[in-house]
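Worksheet: the structure to be examined is printed underneath.
The values are calculated or read from the model by the stated rules, or taken from the named source; none is laboratory data. Computed from a prediction, not measured in an experiment: that's the story for all the values here. Every residue, glycine among them, receives a Cβ derived from its backbone with ideal geometry; neighbour counts consider all protein chains shown.
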Amino acid sequence: MLKEYIPIGVTLQLYNFLQEASLTLPPTPVTIYYTKSLTEFHYLTDMPYNIGGIYENFQIIFQPREILVKKKIFEKVLLHELLHWVLYGLSEKYQEGLIYWYMGYYEKKEVDIFLNKFADFNYELPLFISYYWEK
């Protein structure tokens, strides 16, 4: 399913999440594309430069890999976008908060939105995901 080389640390975190969430890899593979410049990234995604990557419809478009590595955020951004891929069927309004929460970015406002609903499920991740799974 993953043709692109994924660092072992990211792979382990991804599979750990799948286990905790009682999910499997999606049946549709993800296409990963690293842009050649920040200009190309902005042109393809219409995103500002403080966004390292974007997932949409089983495709991930990243800023140039060397820029993400130099900023020391490559593996974090890669895991973040791969989590969007494995959560493809979860309501988008909860994806970002769940991902930030899982990755330990508790100060993000999206985490509060997620946690307010997550509490209703006694913090059982598989129950929460299955309830809000749309596809």
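Which numbered condition in (1) among the charged types (D, E, K, R); (2) in contact with a helix residue (DSSP H, G or I) (Cβ under 6 Å, 6 or more places away or on another chain); (3) more than 19 Å from GLU56 (Cβ to Cβ) is the only one that GLU110 fails? GLU110 satisfies all of (1) among the charged types (D, E, K, R); (2) in contact with a helix residue (DSSP H, G or I) (Cβ under 6 Å, 6 or more places away or on another chain); (3) more than 19 Å from GLU56 (Cβ to Cβ) except (3). LEU25 satisfies every condition listed in (1) over 17 Å from the mean Cα position of the chain (by Cα); (2) modelled with pLDDT of 95 or more except (1).
Yes or no, residue by residue, for (1) surrounded by fewer than 13 Cβ atoms within 10 Å (Cβ to Cβ); (2) touching a strand residue (DSSP E or B) at 6+ places or on another chain (Cβ under 6 Å); (3) without any contact (Cβ under 8 Å) to a residue 12 or more places away in the chain; (4) not in a loop (DSSP other than H, G, I, E, B):
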position: THR11; (1), (2), (3), (4): no, no, yes, yes
position: LEU14; (1), (2), (3), (4): no, no, no, yes
position: LEU25; (1), (2), (3), (4): no, no, no, no
position: LYS36; (1), (2), (3), (4): yes, no, no, no
position: HIS42; (1), (2), (3), (4): no, no, yes, yes
position: ASN50; (1), (2), (3), (4): yes, no, yes, no
position: LEU68; (1), (2), (3), (4): no, no, no, yes
position: LYS72; (1), (2), (3), (4): yes, no, yes, no
position: ILE99; (1), (2), (3), (4): no, no, no, yes
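Candidates in region 54-66 are the residues that are touching a strand residue (DSSP E or B) at 6+ places or on another chain (Cβ under 8 Å) and more than 13 Å from GLU96 (Cα to Cα); of these, the one that is surrounded by the most Cβ atoms within 10 Å (Cβ to Cβ) is GLN63. The selection criterion, being closer than 29 Å to GLU124 by Cα, among the hydroxyl-bearing types (Ser, Thr, Tyr) and either surrounded by 13 or more Cβ atoms within 10 Å (Cβ to Cβ) or outside the structural domain of LEU127 (by TED's automatic domain parsing) (or both), holds for TYR88. In summary, LYS70 fulfils each of the numbered conditions (1) modelled with pLDDT of 95 or more; (2) in contact with a Leu (Cβ under 7 Å, 6 or more places away or on another chain) with the single exception of condition (2). Of note, LEU83 satisfies the criterion of being within 15 Å of PHE17 (Cβ to Cβ), touching a helix residue (DSSP H, G or I) at 6+ places or on another chain (Cβ under 8 Å) and either at pLDDT below 95 or not in a loop (DSSP other than H, G, I, E, B) (or both).
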